[in-house]
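Structure record follows, encoded as structure tokens.
The values are calculated or read from the model by the stated rules, or taken from the named source; none is laboratory data. Since the structure is predicted, the reported quantities are computational estimates derived from the model, not experimental observations. All Cβ positions, glycine included, derive from the backbone under ideal geometry; neighbour counts span all protein chains shown. Surface areas here come from the heavy atoms of the whole protein model, side chains and all, with no ligands, DNA or RNA. Shrake-Rupley method; radii C 1.70, N 1.55, O 1.52, S 1.80 Å.
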Amino acid sequence: MLKINNLHVKLEEEEKQILKGVDLEVPAGAVHAIMGPNGSGKSTLSYVLSGRDGYEVTEGGATLDGEDLLEMEPEERAAAGVFLAFQYPVEIPGVGNMTFLRTALNAQRKARGQEELSAADFLKLIREKAKALKIDADMLKRPVNVGFSGGEKKRNEILQMAMLEPKMCILDETDSGLDVDAMKLVSEGVNALRDEGRAFLVITHYQRLLDHIKPDVVHIMADGRIVKSGGPELALEVEHNGYADILAEQV
Amino acid sequence: MAVTNPKPDPLAARLAGLAMPDGGAWVQDARKGALDRLTVQGLPGRRDEYWQFTRPDSLNAPDPDAAGVFDAGGEAPVYGEIDRLKVVFVDGIFSAEESDPLALAGIEIERLAQAAASDIHWAQGLYGVLEERGQTPVARPFAALNTAFAGDGVVIRVTGKAAKPVNLIYRHENETSDALLHHVVKLEPGADLTLLENGPAAARFNKVMEVEVGDGAAFHHVRTQGRDHERQAVTHVFARLGAEAVFKSFTLTVNGLLTRNECVVELTGDDAVAHIAGAAMGDASACAFHHDDTVFVTHDAERCESRQVFKKVLRNGAVGTFQGKILVKQGAQKTDGYQKSQALLLDEDATFLAKPELEIYADDVICSHGSTSGAIDEEAMFYLRSRGVPEVLATDLLVLAFLADTIAEIEAPDIADDITSRLDAWLQRRRG
Ligand SMILES: Nc1ncnc2c1ncn2[C@@H]1O[C@H](COP(=O)(O)OP(=O)(O)O)[C@@H](O)[C@H]1O
Ligand SMILES: [Mg+2]
């Protein structure tokens, strides 16, 4: 589904190379995890895939089902099925959470040539999905992420994912700032979405999320490259020994 | 010998086409008094500090520039869902045909011309009186001109709770109309009125409204100034508040070559509350847009609260200006004064100019003001787009979000919702 080929990315504003040749392929139905030290370029990869400004691709590319992702506007990528659960979800004062989600959902449907969802159908759907994530009516009415706790923001990301039903889900450190209960809720939310037509790229710093969301493949990213790939046991290795050994192997 | 042309007198030129309307002695005295004030003041010039952000030339000119009539193309009318008493003016002239009968429980309402014809009238205590009070410390020549020459308008005395809102509707038909309207509103103690206004009114519009809010009375004012691009307007609200009186005024302005809205409020009774809010949205790509909010709030009693919330969304060369002053007089202890003016600049060609001022002569007061301008929050923009919301739609969502706390100043939920849906529909139509 997602193919990343020799991706080189630098900052637009400065001469700083961040991704230095990322190769990665995530097939439909699979869950891949990316682990790596802080500053290795994980968030940058997720932003470049979802179309954030400020980066320049100097070499390589990325496709979704064969279509050039990097040529598309962020909203086109979303309509094509890319979803990024943000490491730091953005607060938008004045825009209600419901209005936001309904606008997003209908914009995507419109872009795909589908009918817009009626207000009643939307309400029914969101109530059902919110309930599973223990998101109450009050949180839905409040402005997007404003006054939400760290855990509420992350659950709200998963709610959006559940509503938008993307096919390529990228989760950037969705586990950070979550207590054990919230981690369970979030993982259940993710697992409920796992199916053959959908792929996940789970970026995390810690192995513990991967206890709940079982990956098929684990990649280690360091200094802008994937330096090692393996099965779930790779995550356990990182958990026990840290990144030092793996990075040392590379030298 | 060189012949020097005498310097043309702009005031004389401006007044040449105007005639003082007929009326009883009281109104004629008020009009002559206003003309005397105007003669002393002269028309505002480019060196006038109070006009530093806005050029008055087109308002000073003897004749208005032509302004095309906006084709609303079957849009739902503003306040369409609100049960209200409609009072219609076409190019500044009252239209009995299009208006509801001037009768409503809780109020007395009549045309200014009718009131002016009486020998004795309650409006005598207010017509030109609040306007004159508002002329110090800053001159407002267009208000004096209005008092001197306006022949139409309504006078409303509110004795109880008005059975429903009164809606002054200003239709614009004639592309070169030059309209003067003067309204007087008196709320007796404990009375309650919601006054709605909408419509472009004329090619050039000069309106004055004098409002006396008696002790414990409440006046709610909601105005929309739409949508003709080339129209020009200078408007003044002069309000005086008694003890525990409430005055809340909200204005939404969309389009308009030139708009100057002055609001002059005097809190003269203890524990009075005045909220003045404005939302303006302009795009100068097809036609210039210049919107000026000028506010002057005087605290002259104890424990009063005043709040100014003004927001502007500007693009493609649109200009927004704000001059807001809070004057706290000696003895006006426990004053709570607040002022906020902000602009959202949607591109680099838009301009916002602001002059917030505090002048305080009492020691036990809380006053604050803040003025900011900035672009769309890029983080929010990317977040919205990453969820599939196209950029233009995301911009509009953020515009509505930015304006939301001005609309929140409207107390009646049905009217606030009406304003929000109109704004939403206008944005939608613009998106095409
Ligand atoms: N907009 C930016 N401006 C400056 N440096 C940046 C920017 N984005 C990323 N970087 C730098 O790029 C590197 C990778 O960052 P990031 O992708 O956030 O890493 P990770 O998510 O793996 O912690 C870091 O050194 C970071 O400081
Ligand atoms: Mg990161």
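Things to note:
- Test result for A:ALA85, more than 9 Å from chain B (Cβ to nearest Cβ) and more than 16 Å from ligand 1 (Cβ to nearest atom): no
- Verdict on A:VAL9 being at the interface with another protein chain (Cβ under 9 Å from one of its Cβ atoms) and buried (at least 21 other Cβ atoms within 10 Å of the Cβ): no
- Counting the residues of the stretch A:88-100 that are more than 8 Å from chain B (Cβ to nearest Cβ) and open to solvent by less than 30 Å² (accessible area, probe 1.4 Å) gives 2.
- The stretch A:118-131 - residue that is in contact with a helix residue (DSSP H, G or I) (Cβ under 7 Å, 6 or more places away or on another chain) and within 22 Å of A:SER149 (Cα to Cα) and, of those, most open to solvent (accessible area, probe 1.4 Å): A:LYS129
- Within the set B:GLU173, B:GLU212, the sole residue that is part of a loop (DSSP other than H, G, I, E, B) and over 20 Å from B:GLY282 (Cβ atoms) turns out to be B:GLU173.
- Test for B:PHE89: is it open to solvent by less than 20 Å² (accessible area, probe 1.4 Å) and part of a helix (DSSP H, G or I): no
- Selection within the stretch A:39-64 - within 13 Å of ligand 1 (Cβ to nearest atom), surrounded by fewer than 22 Cβ atoms within 10 Å (Cβ to Cβ) and more than 19 Å from B:PHE382 (Cα to Cα): A:GLY39
- Test: residue in the stretch B:191-212 that is over 17 Å from the mean Cα position of the chain (by Cα), over 22 Å from B:VAL295 (Cβ atoms) and open to solvent by less than 10 Å² (accessible area, probe 1.4 Å): yes
- Every pair of residues 6+ apart whose Cβ atoms lie under 7 Å, when the first sits in the stretch B:272-285 and is under 19 Å from B:SER371 (Cα atoms) while the second is assigned to a loop (DSSP other than H, G, I, E, B) and open to solvent by 10 Å² or more (accessible area, probe 1.4 Å): B:HIS275/B:GLU409; B:ALA277/B:GLU409; B:GLY282/B:ASN255
- Residue match in the stretch A:27-49 (condition: in contact with a Phe, Trp or Tyr (Cβ under 9 Å, 6 or more places away or on another chain), of a type in the set (Gly, Ala, Ser), touching a residue at least 24 places away in the same chain (Cβ under 8 Å) and part of a strand (DSSP E or B)): yes
- Scan of the stretch A:49-82 for residues that are away from every other protein chain (no Cβ under 14 Å) and within 17 Å of A:HIS8 (Cβ to Cβ), ordered by number: A:GLU56, A:VAL57, A:THR58, A:GLU59, A:GLY60, A:GLY61, A:ALA62, A:THR63, A:ASP68, A:LEU70, A:GLU71
- Only one entry in B:ASP300, B:ASP215, B:ASP271 is surrounded by fewer than 24 Cβ atoms within 10 Å (Cβ to Cβ), in contact with a Cys (Cβ under 7 Å, 6 or more places away or on another chain) and modelled with pLDDT of 95 or more, namely B:ASP271.
- One residue from A:ARG194, A:ARG198 being farther than 19 Å from B:GLY388 by Cβ, among the basic types (Lys, Arg), more than 14 Å from every other protein chain (Cβ to nearest Cβ) and in contact (Cβ under 8 Å) with a residue 60 or more places away in the chain: A:ARG194
The rows are residues; the columns are (1) out of contact with any Gly (no Cβ under 8 Å at 6 or more places or on another chain); (2) acidic (Asp, Glu).
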site: A:PRO89; (1), (2): yes, no
site: A:ILE92; (1), (2): yes, no
site: A:GLY96; (1), (2): yes, no
site: A:THR99; (1), (2): yes, no
site: A:GLY113; (1), (2): yes, no
site: A:ALA119; (1), (2): yes, no
site: A:ALA132; (1), (2): no, no
site: A:ASP138; (1), (2): yes, yes
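- Subset of the stretch A:16-38 [modelled with pLDDT of 95 or more and either under 26 Å from B:GLU391 (Cα atoms) or near ligand 1 (Cβ under 7 Å from one of its atoms) (or both)]: A:ILE18
- For the stretch B:378-428, filtering for residues that are in contact with a Pro (Cβ under 9 Å, 6 or more places away or on another chain), polar (S, T, N, Q) and away from chain A (no Cβ under 12 Å) leaves 0.
Residues checked against (1) more than 30 Å from B:LYS161 (Cβ to Cβ); (2) open to solvent by less than 70 Å² (accessible area, probe 1.4 Å); (3) assigned to a loop (DSSP other than H, G, I, E, B):
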residue: B:LEU15; (1), (2), (3): yes, yes, no
residue: B:ASP29; (1), (2), (3): yes, no, no
residue: B:LEU43; (1), (2), (3): yes, yes, yes
residue: B:ARG46; (1), (2), (3): yes, no, yes
residue: B:GLY68; (1), (2), (3): yes, yes, yes
residue: B:ALA76; (1), (2), (3): no, yes, yes
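Residue by residue, here is whether (1) open to solvent by 10 Å² or more (accessible area, probe 1.4 Å); (2) more than 21 Å from A:LYS42 (Cα to Cα); (3) within 16 Å of ligand 2 (Cβ to nearest atom) holds:
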| residue | (1), (2), (3) |
| --- | --- |
| A:ARG109 | yes, yes, no |
| A:ASN145 | no, yes, no |
| A:GLU152 | yes, yes, no |
| A:SER176 | yes, no, yes |
| A:VAL180 | yes, yes, no |
